[in-house]
Each structure stands twice: as structure tokens, then as C-alpha cells.
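Enquirer: Following this message is one structure expressed as C-alpha cells.
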């Protein structure tokens, strides 16, 4: 005696796709796409960054933020072309984002420098400026030095009038700031 078991399957738990209908247009299909290309790329970079460590991770996150800036500065077609050129390779995409961002920074810096030089004209060209060996003393500094001097004796004044200086005092030498003792000079 054989036992017959009849299994009844309930297919209600299995989700069913919509049947294909010719009324569905290409535009409907386009609008049903989940996310735009740039957003999917950002998600891909984010996922890739979470798998990295160290400098590679920092570089990856820098590329993510640079992509955000490029998205604001560049037309969508250029970003889409850059993403498509990477062919799904996140490392290649990160390198191309860094490269593109560096180029934009250099171009901006170059244009900034040329604008500043053009706006100022010929007067903006740097002229060589002689560096002074020593600045002349102000009237205040000269007055302070005069006040700081010890009072001269009549003997010192007599020697100066005669053309000789006392051993402890001599005129300043032009090459040096140290007093030269006249008795030691040959």
C-alpha cells in the first residue's frame, strides 16, 4: 500500500513582477531608475572608502569631497564622462578625480595671478630695492645718546680741539661700530 502525498504549494508568498505591457513607455522606464549616475558613483566611492585604511582611505575621502566640488563647478556631462571612463574601477576614478581637481586648482591659481598682474599694470612689477646697511638715527635717538654721554672734562675738549682724541674716545670708524684706539693704530 502506497501512501500518496499531495503537496499543495501556495505561491502567494513569492513576489510577482509586473507583467510586461506594451503601454509602458521608455520614459516611464527612465524615470523608474533608482539613482542618478553621480549619486551612484558617490555611493560606490563611499563603499570603497570604508574598505581602505591609512593614507589610501584619506585619499579616497578627499576624492569624495573633491567630486562634490567638481559636481558644483563642472557640467554633468563632463562628470558623467569621467565616471564612464573609469569603467567601474574605483581606484582609477579616485585618481582621475584627484587629477581633475588639481588641474582646476592650478588653472584657478594661474588665472588669479594673471588677473592680479594685469590689473595693477606696469607699476606692479617688482623693482629691486636696495637693502640699507644701517638706517640713520632719528632725532630722538640722537638726543638720547647725547643725554647718556658723560660730561666732558676740559682736558678732553682741549685734546679734541687739537685734533687728538683721548685714548678712551675716538671717532667712529666707517667700517666698524667699535671705537678704534688711536694709540694702537700704526
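Enquirer: Looking only at the stretch 75-90, count how many residues are under 16 Å from residue 103 (Cα atoms) and in contact (Cβ under 8 Å) with a residue 24 or more places away in the chain.
Expert: 1
Enquirer: Being at pLDDT 80 or above and surrounded by 10 or more Cβ atoms within 10 Å (Cβ to Cβ) is the filter here, so list the residues in the stretch 114-140 that pass it.
Expert: 137
Enquirer: Could you list, in sequence order, the residues of the stretch 60-88 that are under 20 Å from residue 47 (Cα atoms) and within 20 Å of the chain's Cα centre (by Cα)?
Expert: 60, 61, 62, 63, 64, 65, 66, 67, 68, 69, 70, 71, listed by residue number.
Enquirer: So which helices (runs of 4 or more DSSP H) are wholly in the stretch 1-109 and hold at least 1 residues that are in contact with a helix residue (DSSP H, G or I) (Cβ under 8 Å, 6 or more places away or on another chain) and either surrounded by 10 or more Cβ atoms within 10 Å (Cβ to Cβ) or at pLDDT 70 or above (or both)? So that I can check it myself, show each step before the final result.
Expert: Working: elements: 26-31, 37-50, 54-73, 76-86.
Passing ranges, in order: 37-50, 54-73, 76-86.
The values are calculated or read from the model by the stated rules, or taken from the named source; none is laboratory data. On a predicted model such as this, the values are computed, not experimentally measured, just so you know. Neighbour counts are summed over all protein chains in view; Cβ atoms, including those assigned to glycine, are modelled from backbone coordinates with ideal geometry.
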